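Here is the structure we will look at, set down as structure tokens.
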Amino acid sequence: MPAPNIKEADPRINGLVARQNGEIFVAVRSNSTELAGVWRLTAGRFQKFASLPAGAGLNGMADDGRFLYIADDLAGRLYRITPQGQGEVWIEDARLAPQGQSAYGFPVYGANGVKVHGGEVYVSNSSTGTLWRISIAQDGTPGALTAFLPTVHFHNIDDFAFDGRGNLYFATVVDHTVERVSPQGEITVLLQRTDGLDMPTAVAFGETEATRSTLFVTSGSFYSPPGTVPHANVLKFETDQRGESILR
């Protein structure tokens, strides 16, 4: 990657998508127009795939097999990247924007985690603890933004994953938990701080036959005083369901 002025550019790799053909895409948020956008790794080499606005809060990213969808946690919008590498604002809505005050010193983020499930796009708003669903029309335009989980007890919902039965698994940064919500709305705490979890940010099921029911959780430990919690690491939790593959 080019490095115009790393301190001023402040590049951060957030969203990541892997495809069955071996391609890997990463969302890079940066103050630099040269760096901000989506980069593609093929044959061991990173190349700029799509440009997005410098300073945009690029965060979670998902794939429907053709298009990439990227959350902007500062502006309350989702970008869409075409197969040709053209970036565009796909949907913008105040309900996806950051709201309220910072909790425990953690930044206020709006649209954050993104997944494509059942032909629809799901996006979490970390600041409101809500999850929204957006249908995809035949022409690729977004349908109405509807509440999938309009009000829950979570704070700072970040990333999430689905299993094959429609259960949702959430990482909650400020609550330091991973929780499961059934299609009927039943909530179960699976992991918490006493399990060594501290500020989890992402969850994902394994993609091999041996790990398909294993939930992998990143534990960030961003703001905790040194020595009070384990260092940033990845935890594993064995579920009783097979995860839904996100490889397209």
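The values are calculated or read from the model by the stated rules, or taken from the named source; none is laboratory data. Remember, it's a predicted structure, so these values are computed and weren't measured experimentally. With ideal geometry, Cβ positions are generated from the backbone for all residues, glycine too; neighbour counts draw on all protein chains shown.
Key figures for this structure:
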| quantity | calculated |
| --- | --- |
| Count - residues of segment 175-222 that are under 17 Å from the mean Cα position of the chain (by Cα), under 16 Å from D163 (Cβ atoms) and assigned to a loop (DSSP other than H, G, I, E, B) | 1 |
| When residues of segment 66-88 are limited to those that are assigned to a loop (DSSP other than H, G, I, E, B) and within 17 Å of the chain's Cα centre (by Cα), the one nearest to G119 (Cα to Cα) | F67 |
| Only listed residue being touching a helix residue (DSSP H, G or I) at 6+ places or on another chain (Cβ under 9 Å) and modelled with pLDDT under 90, chosen from V229, V234, V173 | V229 |
| Which listed residue is of a type in the set (A, V, I, L, M, F, W, C), surrounded by fewer than 23 Cβ atoms within 10 Å (Cβ to Cβ) and in the same structural domain as A62 (by TED's automatic domain parsing), from A111, A137, A204 | A137 |
| Selection within segment 15-36 - of a type outside the set (V, I, T), out of contact with any Lys or Arg (no Cβ under 6 Å at 6 or more places or on another chain) and assigned to a strand (DSSP E or B) | G15, L16, A18, A27 |
| Criterion (free of Cβ contacts under 8 Å to residues at least 12 places away in the same chain, among the small types (G, A, S) and either buried (at least 16 other Cβ atoms within 10 Å of the Cβ) or out of contact with any strand residue (DSSP E or B) (no Cβ under 6 Å at 6 or more places or on another chain) (or both)) met by exactly one of G37, G65, G57, G44 | G44 |
